[in-house]
Every structure is written in structure tokens, then in C-alpha cells.
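Asks: Following this message is one structure expressed as C-alpha cells.
Since every read-out is calculated from the coordinates, none of them should be taken as a lab result. Just so you know, these numbers come straight off a predicted model, no measurement behind them. Glycine gets a Cβ as well: all are built from the backbone with ideal geometry, and neighbour counts include every protein chain shown.
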Amino acid sequence: MKGTYLGEFEELVLLTVAVLNGEAYGISIAELIEKESNRSVTISTIHNVLYRLEDKGYVKSELGGATAERGGRKKRLFSITATGHAVLNESKQLRNKLWDAMPEFGF
Amino acid sequence: MKKHNPPIWADMFLEWYCSKNYIDEVQGDLYEWFQLRVEKQGLWLARLLYFLDVIRFMRSYRLKSIDELSQNSNNIAMLHNYLMTSWRSLTKNKLFSIINVSGLTVGITAFLLLWTYVQHERTYDQHLDNKENIFRIQQDRYNLGEITTQWAAGCGAIGKTLKDNFPEVESFVIMTNSNAILEYNEHVFREDATYYASEDFFKVFSINLIQGDPETVLKEPYKAVISESAAKKYFGEEEPIGKMIEHNGSKEFEIVGVYEDLPKKSHMQADLLYSFSTFVDIVENEVTDEWNWDGFYNYIVLKDGTDYKDFESKIADFIDKERGEELASSNEDVKFHLQPVTDIHLTSNYMMEFKPNGNEQATNFLFIIAFFIIIIAWVNYINLTTAKSMERSKEVGIRKVMGSMRGQLVKQFLVESFILNLVSLLAALLFIYLLLPYFNALTGRVVAFELLDPNMIMLIGGILVMGTLLSGLYPALVLSGFKPVAILKGKLKNSAGGKTLRKGMVVFQFFTSLVLMVGTTTVFYQLSYMNSQDLGVDINQTLVVRGPNVTDSLYSDKLNVFKHNLSAQSEINVVTSSTAVPGSQPDWNAGGIYVIGEDPDKSQQYRIIGGDYDYLEAFDIELAAGRNFEEERTTDPNTVILNESAAELMGFKDFEEALSKEIQFWGDTFQIVGVVKNYHNESLKKSFEPLIFRLIPNASNYYSVKVTTNNMPRTIATIEEEWKAQFPGNPFDFFFLDDHYQEQYKADQQFGQVFGLFAGLAIFIACLGLFGLASYMATQRYKEISVRKVLGATVGSVVTLLSRDFVILILIAIVLAIPVSWYVMDGWLAEFAYRIDMSWWLFALPGLTLIIIALATVSFQTIKVGTSNPVDALRSE
């Protein structure tokens, strides 16, 4: 189903938003992803993904937290919605189920 | 830590495009990210990446919306409103809009076409790198203080002498024409544009030498360089370098270079260049010492920064010092002028030009016409719009009451005018592309219209802005100046001042049209006058074959056989050979001729025509005294015949008196045996030149064949057959003498046609305006007319009433146009030695035509109103 489909990078961003718990905005998300996954990201991609997630109803946002180093500009702070949680959960369940079904290998 | 800033341009760009819904988060995040990057990756890279990020953020949803834009500025909302109102008003008055647009379109089309043509004419030889410093030396010869000959190609010595004596002269080139029949492996062509040129040719003229070394190609004798297209013609795909090409069947030249064809926009035309040292070898004369041998193009390159006018006077002093005595002893004088190479095309029209040049006067005429036409078109717009102002005054009143500022109203009318001008301009560009080939055919030039040329873009932009302002500003100011209360009370009448101005502009339009019409009529009348004059020489039914260049020792015999065999044909009357034919200036110019027994210091210059025994008779040139050359008299090769003009120049009052005299001609004595009546050897632009006829029975330049035939192709075939039998190896080139004679008037004919065309356009535009005004006037006076009709006025009287005003205006225009066009056209006619007088009907005819055209235009509307049923107009109210 297209509406609920979650891309790999979208899932990553959504998870990060959940982790940051109310402190998620473009830069903090980008930093965390870079730190945890060691991949370099572009800030405009993060923004685009966030708007897409918002359209799908997985995150919600509000403005706030202007600082001097932002040139007095406000942040758009994202937080995860219940639907977002449910989707993440579903995705995790699916993976667990598939992991469990995997035959033992003799590593 | 020092705080670093992201690149300001990128930031400005971001703020420019980004909607305010997104700017906070985007710019904020970018700033933070930038600071992190500066620490990690350094300032320079961070700035670059910042810029890239700004571009990456440019997504359509982040762009400012139209609403957002217009919220920022009321102007944009107003502009939207102006556009809408303009569109409504234009579509509401369809007739007016169409008249305006067609008038402007025709005007702009005509203007741009003429402009392009004039620019073309004015920018010859711009391809030369060193064009500012290249000059051609033009030579005037004087005798007894009077100019006798003016040469494009002067004497042999001048170029080299200047180079040797003046440090200002960097280099020089000497060139002279070679009439040649060239042959390579069965490819035989007559080449008129081949020249001997000295070795610095490629140094002076930056003509691209594709093959060969520019320093040396023209050094050695019997070497030649060939143009790309001529190389194709002779050698096809073969390698031209090293080929031997045969010249007049007697000499061979080795091709040592190939050059890019000269551009069409050059005063020079040369398909092949031989080394000048060849010429020196052939004539066994250094040439560059010859002060009295004319016919050599001398070009010099002056050092940067030399004032050529100064240098010209230095030449005059130098000639005076070195040659003054010698010249004075024979009452002669010679003056040299420097022609900047880029001016030659428009300003030079002397003996032995490379090809017929342009005419500066005609070009300037057309330039002025261009401006008049576009002004007429703009005037139309002003007239129609102010005339319509009554109808729009209510709109203006309401707008003002609703709080419109005057400036806003002005803007509204300007926008309207801008739209009209823009539409017309686009239509005009389309027309230009469609019409350019026809225009080129008319002018005989290959003019290119380059829309993307920066100058053209500026010009078009200028037309748009000027058109909008000129045609829009006055109506805008008039309309916006109305007092709202007066308008809405219905008290407003068109002001008297506005009416006068409108009338003045109609007068201007018709004045211009009439001047153009008189001009056209005069040009064509002068042309037909010249064609209808008795030339004194019979050029009809004459076929001229250009004589053979490739000849052998038996040439004279062969020529006699040729003449004899052809004359035996029933459809051929006579064949005569000569050095010149009517219709062009004889190439042979001789000075130092005087009557024996008179003072040799009074020697003069004459044009010489050499011909056989039949020449005068064949062309039906009448004798005034004496006799023709006669074959029986063995002494006749030492006789000459003069024309009346030459006899007068020698000082004979009575032509009989001349017959006993002898003249001195280049060291030989010739007996005068006859005087022929003056005839027009050249166009009627020129007065009769002094001619001397010499007996040269085997002259080889032209063979004129007088025919009486019903079957021209067969006759031509007969001549060609005989030609091939006697002169193999020579191409058979012929022309008809009357066509050749007409060629002299070609430029004037083209001028007349172009003039006529644009006169027609001017009248068309003026009539469009008149039509608009008349229809407006008719509606304005609809009720008045209806009342008159109810009271018993006839259709005729109504039409007369309505037309009267226009006729008065046109009469004023005619009165003003007469002196102006008289002055201008009399100046144009001054160029012609034989010319019409500016008679009254040259003005009456165009004037009458104009009145008729104008009345016809107006009558569409007046008759419509005049014949309408008055009830229709009067029942409502």
C-alpha cells in the first residue's frame, strides 16, 4: 500500500525523530544520522523527507527555538505521532517475525 | 572564536526566492550547518557547500507564490489591473485597435528594413583588421585648373613613392586589373575580377590565406593565388597548389596559394591575384616610377595615430616640390586624396572602381524616409487615441472619483500603448522575415537581418520604448488631465488645443506623404525622360560579343574572315570591331593631345575610341563635317575623327575649319578628317565627353553585330558557330547593347522603386489614420447629421460637409510640401546633365492623387453616415 509504505531513509529519519524526542529539527537529525550511521547527508534531503513524513501523518511540527547562531531564525521542531509509532512498530514486528523464521546457520 | 558568515550572494538569492513559510527553518538550519562545516571542513569549502545547498533547497513548493509577491507591492496588483483594462479597451474598440496595430506594424517593418539596408551600406569593409589605417589613394587630374579625370586607380608611382619618402607609411600595395581568359584542362572562363597585386597584399588586407605563405605568395613572377570558389571552379576537388593555369592562351601561372573568398561587403572583388612582378615583367617597365600611367590601385597603411587629412596635405606639398615644375610646364596638375578603406563603398564613384559602389545621397535619403515613416505611424496612434479621448473621458472621470491618482492613469495608458507597440513589433519582425528576400531583390544587395545582433536588440528595444513613450505619453497626459467634475457633468468638449494639434499632425502626415510622392514621380519621370531621348547613336538590335583574348599571329585575318562570313548572312547587317561600345566609359583615356601649330601647353585629355571602318556607320553616328574613315585611302590610319565636344575643346568654332588641322597624339601626328555630332555615349547623367575616334581595324575588345532578325536564338547560334571556328579557346560572351546601356540606370531605377514603395507605405499609414479619424468624426456628428437630414439636407451636402475639413488639411499639406519637395528633388536632379525641369504637374499629379485617395478613404465613413436613416440616430435619447 503506497500510503503507508516507508522508505529506508524515511524510516531512518522517523526513528531519529522518535529518538530525539521533541528536539528533532533539520540539523539535530542530520547530526545524529551522520554520527550513528556514518553516512553523509544533505540538509535539503532531510527537510524534504520530513515534509513527506508530515504529509503522511507520521510526524507533526511546530516552530520555536530561535538562537543567535541561526541568525535569529526559528526551528521547525518535529515530533512523532501515534500513527508514526504504529508504523515503526509494524515495521519492527515484520522484521522480528522474519528473523525468527530464519533457519539457524552454523556461523 | 570569530564568527564566520555564509556567502552573502547565496543568502540574498535564498531570501529572494524562498517563501516566507519556509525561510525560517531553511535559513536557520543552513546557518547552523554552515557553522558546523566551517569547523570541520574549513571556511572555503563550507561557503561553496552553502551555495550548493541554497540551490538544492530551490524546490517549487518553497518558491514565493504570486500572492506573496503581490502582497509585497501594490504595483504588481495594479499592473495586473492595467493589463486587464487595456485588454478590455483594445478589444472593445476593435476597429481602432486594428488600425493602430496595422499602422504601427507597417511603420516598424518599413523602418527596420530601411535601417538594416542603410546599416548594410554603411558598414562595408569592416572585416579588415587594420581598417582604420588602410587608405586608397584617389587621384584627380587637372588641366588648365579644371578637373579632367578622377581616378579610383591612379598612377603607378604614387604608392611606392610615399612609402619610400614618408615614415608614416608602413606598407603599400599596388594593384591593376587583368582581363583574362583562364584555362585549366578544358575549363575555360572569362575572368573580369583578376588583378596583379604586389607582395604586401596579404599583409595590408587581413584576408585569410588558407594555403600558402602570406609573406611570399605574391613575390615571384608568374605565381598566382586563387580564391576558394574559383579554385573549386577550375580544379574541383583536386589540390590547387602547384597547378598551372593558362592566362589568355599565352602565359602560365603557378597557383601558390588559396584565399577565402572576399566578403560581399567589400569594395574590392578579386577571384584571382597574380604577382605584380609578373606585370612588371610583361610590360618591361618598373611601373612604380610612372607618374603619367594611370590605372593602378594604390593602397597604403599609415602608422597608428597618423592624421590622414594632415598626411594628405603633406602629399600635396611633396608633389608640389618634386613634380610641380614639370606639371606646371604642361599646365597640368594632379591631386591625391586618401580614402579610408571603409568609406570607399559609399563615397567613391570614380574611374575604374572595382565594382559599382553605393550612393551616399540615396542611402541618406532612405535613412531619413525610415524615420519619417515610423514617426507617421506614431503620429497615427497619438491622433486616434486623443480623438477617442472623449469616449474614454467618462472612464477617466469615474476612476478619478474612485481615488485614482494621475500617475496611475498615465501608467494605465502607457501600458495600453506598450501592448499595442509590442504586438506591432512582433508582427513587424514576422513581416521582415517574410519580406526580406523581396526587399533584397529590389535593392540588389544581400542584406541580412540579424535579430540577435546587440545593436539590433538595442534598436528594437529603443523602438519599443520610444514608441510607447512618444505615442503613449501625450494621450496619457491629456486623458489623465481631465477634471472629473467637468467630465461627469458632461461639460467636457475636446479642447481647442488638442484639435489644433491633431490637425497639425494630419498635415504633417500628408506633407510627408506628398514629399515622397513628388519624389517618386520625379525619379520615374526623369528615368523615362532619359529613356525617351534621342541618343544620337543606334543601340538597338545590337549584339556585342566580347573580343577574344587568346589570339595568335593570324588574328587580323581571322577577324576579317569572321566579319566577312557573318556579314554574308541575310539577318546580319554589319559587324564592327572596336575598343569601346556605347553604354560605358571608354577605358582609353589620353592626355597631352594638342592641335599642331597651337601652344602645346594647352594640351588636353580626351577619351579615345578605336574602331574599324564601319564603326560610325554601324552605330548610325552622324557626321557634322568631313568624312568617315575610308578603306581606299592608305593614309587613313594616321587620321582621327572628333566629336563636336572634342572639336570645341580644341578651340574650333567652325567644324569645317578643323578638317585641315593635325593633332599631336602621344608623339605621332594625326590628321583630322571628320567631326561627328555629339551623341550620348554614356548615360544622360553625364554631359558629352570629348571623344576622339581612331582607326584601329583589328580592335579586339568588342565585336558589335547589328542584326535584323525574327529568330534571335538562331542568329546567336550562327554567330557562335563562326566564333568557334575563328577563335577557338575563347569563351563566347555576348550581351545586348540596349541592356548594357540600361545597366547605367539600374541604381537609379532601384532607388526609384524603393522610394516609390516606401512612399506608398507612408500614404497607406496616413490613410489608415485618416480613416480612423473620419470614422470617429462620423460617430461624433451622427446626431447632428441626422438633424440636418431631417431638415432636408441631401446626402451630397452631408458628405461635402464632412469631407471639407479634411480637404482643407490636405490642401495645407500640399502647400507646405511643394517648396520642400521642389528643393529636395531639384538637388537630386542636379546630378544629371540632361534632366527634366520641375514642372507644375510634378506637384499637381501627386497632389491630386493624394486628395482623391484621402477623399476615398474618408468617404467610406461619410457616405455611411450620410445615407443612414436619421430615425435610427434620433429615436433614442
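Asks: Taking chymotrypsin sites (Phe, Trp or Tyr not before Pro) as exposed when DSSP calls them loop (any state but H, G, I, E, B) and at most 11 other Cβ atoms lie within 10 Å, what is the longest stretch of chain B free of them, the sites themselves excluded?
Replies: My reading of the result: B:1-665 is the longest stretch.
Asks: Mind checking B:31-42 for the average number of partner chain beta-carbons within 10 Å of each residue's beta-carbon?
Replies: Per residue, the average neighbour count from other chains is 3.
Asks: With a sphere of radius 14 Å drawn around the Cβ of B:VAL858, what net charge do the other residues whose Cβ falls strictly inside it have (Lys, Arg +1; Asp, Glu -1)?
Replies: Every neighbour counted, the sum reads +2.
Asks: Taking the Cβ-Cβ separation of A:LYS97 and B:LEU36 as r and a Förster radius of 41 Å, what is the calculated FRET efficiency to the nearest 0.05?
Replies: After rounding to 0.05, the efficiency reads 0.55.
Asks: For a footprinting-style exposure proxy, rank B:SER803, B:SER567 by other Cβ within 10 Å, fewest first.
Replies: Ranked by crowding around the Cβ, least crowded first: B:SER567, B:SER803.
Asks: Please average, across the residues of A:18-26, the number of beta carbons from any other chain that are within 10 Å of each residue's own beta carbon, and give a whole number.
Replies: Partner-chain Cβ atoms within 10 Å, mean over residues of A:18-26: 1.
Asks: Which of the lysines could a cross-linker bridge to A:LYS97, judged by Cα under 27 Å and excluding same-chain residues fewer than eight apart?
Replies: A:LYS2, A:LYS56
Asks: Using unit Cβ charges (K, R positive; D, E negative) and no other charged atoms, how large, in debye to the nearest 20, is the dipole of region B:14-66 about its Cα centre?
Replies: 220 debye
Asks: Hey, another quick one. Using DSSP to define loop residues, name the GluC sites (Glu not before Pro) in region B:215-309 whose beta-carbon has at most 14 other beta-carbon atoms within 10 Å.
Replies: Those satisfying the criteria are B:GLU215, B:GLU237, B:GLU238, B:GLU260, B:GLU284, B:GLU286.
Asks: Next question, about the same structure. May I ask you to sort B:THR867, A:THR42 by Cβ crowding, counting other Cβ atoms within 10 Å and putting the fewest first?
Replies: The fewest-first ordering by Cβ neighbours comes to B:THR867, A:THR42.
Asks: Considering the dipole of region B:153-347 built from charges on the beta carbon (Lys and Arg +1, Asp and Glu -1) around the Cα centre, which of B:GLY305, B:THR161, B:THR216 is farthest to its positive end?
Replies: B:GLY305
Asks: Compute the distance from the alpha-carbon center of region B:291-338 to that of region B:686-712, in whole Å.
Replies: 36 Å
Asks: Separate question: Counting other beta carbons within 10 Å of each Cβ, put B:ASP620, B:ASP129, B:ASP29, B:ASP271 in order, fewest first.
Replies: Sorted ascending by nearby Cβ count, the order is B:ASP129, B:ASP620, B:ASP271, B:ASP29.
Asks: Round to the nearest 0.05 the FRET efficiency obtained for B:LYS783 and B:LEU95 when R0 = 22 Å and r is the Cβ-Cβ distance.
Replies: Taking R0 as 22 Å, the efficiency between B:LYS783 and B:LEU95 is 0.65.
Asks: What's the local net charge at B:LEU802, with K and R +1, D and E -1, over the other residues with C-beta under 13 Å away?
Replies: Spelling it out: positives minus negatives among the neighbours equals +3.
Asks: A further question follows. Suppose a student asked you for the relative contact order of region B:8-71, using Cα pairs under 8 Å spaced at least 6 residues apart; what percent would you report?
Replies: With pairs under 8 Å counted, the relative contact order is 50 percent.
Asks: At 222 nm, what helix-only mean residue ellipticity would chain B give, in deg cm²/dmol to the nearest 500, using -39500 (n - 2.57) for each DSSP H run of four or more?
Replies: Mean residue ellipticity at 222 nm (helix-derived): -17500 deg cm²/dmol.
Asks: May I ask for the distance between the Cα centers of region B:116-141 and region B:209-273, given as a whole number of Å?
Replies: The two parts, judged by their Cα centres, are 24 Å apart.
Asks: A further question on this structure: Just want the answer: with Cβ charges of +1 for Lys and Arg and -1 for Asp and Glu, which residue in B:LEU63, B:TYR50, B:LEU14 is farthest toward the dipole's positive end in region B:8-71?
Replies: B:TYR50
Asks: Set the bar at 25 Å for Cα to Cα. Now go through B:LYS232/B:LYS265; B:LYS602/B:LYS653; B:LYS131/B:LYS223 and name every pair that lies beyond it.
Replies: Going by Cα-Cα distance, B:LYS131/B:LYS223 fall outside the 25 Å limit.
Asks: So how tilted is helix B:43-56 from the main axis of chain B? Cα-based, degrees 0 to 90, rounded to 10.
Replies: Roughly 80 degrees between the two axes.
Asks: Could you point to the residue in B:SER206, B:VAL446, B:GLY467 farthest towards the positive end of the protein assembly as shown's charge dipole, with +1 and -1 charges on the Cβ of Lys/Arg and Asp/Glu respectively?
Replies: B:GLY467
Asks: Right, something else. For the protein assembly as shown, give the magnitude of the charge dipole about the Cα centre (Cβ charges: +1 Lys/Arg, -1 Asp/Glu; no others), in debye to the nearest 20.
Replies: That gives a dipole near 9600 debye.
Asks: Let me ask another. Work out the length of the dipole vector of chain B about its Cα centre, built from +1 on the beta-carbon of each Lys and Arg and -1 on the beta-carbon of each Asp and Glu, and round it to the nearest 20 debye.
Replies: Taking the Cα centre of chain B as origin, the dipole is about 8840 debye.
Asks: Enter the angle in degrees (range 0 to 90, nearest 10) between the Cα long axis of helix B:8-17 and the first principal axis of the Cα atoms of chain B, meaning the one along which they spread out most.
Replies: Between helix and principal axis, roughly 60 degrees.
Asks: Can you give the net charge of the other residues whose Cβ lies under 14 Å from the Cβ of B:ALA658, counting K and R as +1 and D and E as -1?
Replies: -3
Asks: Determine the principal axes of the Cα atoms in region A:8-101, then give the extent along each, sorted from largest to smallest and rounded to whole angstroms.
Replies: 53, 28, 19
Asks: If you fit an axis through the alpha-carbon atoms of helix B:454-480 and take the longest principal axis of the Cα set of chain B, what angle between them do you get, 0 to 90°, nearest 10?
Replies: Rounded to the nearest ten degrees, it is 40.
Asks: For each pair in A:LYS74/B:LYS40; B:LYS92/B:LYS783; A:LYS74/B:LYS20; B:LYS483/B:LYS503, compute the distance between the two Cα atoms and list the pairs where it is over 19 Å.
Replies: Those over the limit are A:LYS74/B:LYS40; B:LYS92/B:LYS783; B:LYS483/B:LYS503.
Asks: Can you give me the pair-distance distribution of chain B, C-alpha pairs, 20 Å bins, whole percents?
Replies: The percentages, shortest bin first, are 11, 31, 28, 20, 9, 1, 0.
Asks: Extent of the protein assembly as shown along each principal axis, from alpha carbon coordinates, in Å, largest to smallest?
Replies: Projected onto the principal axes, the Cα atoms of the protein assembly as shown cover 132, 108, 61 Å.
Asks: Please work out how much length the chain gains when fully extended from B:GLU831 to B:LEU816, using 0.36 nm per residue of separation minus the C-alpha to C-alpha distance, in nm with one decimal.
Replies: Length gained between B:GLU831 and B:LEU816: 2.9 nm.
Asks: In whole Å, what is the distance between the alpha-carbon centres of region B:415-437 and region B:383-399?
Replies: First find each Cα centre; the distance between them is then 26 Å.
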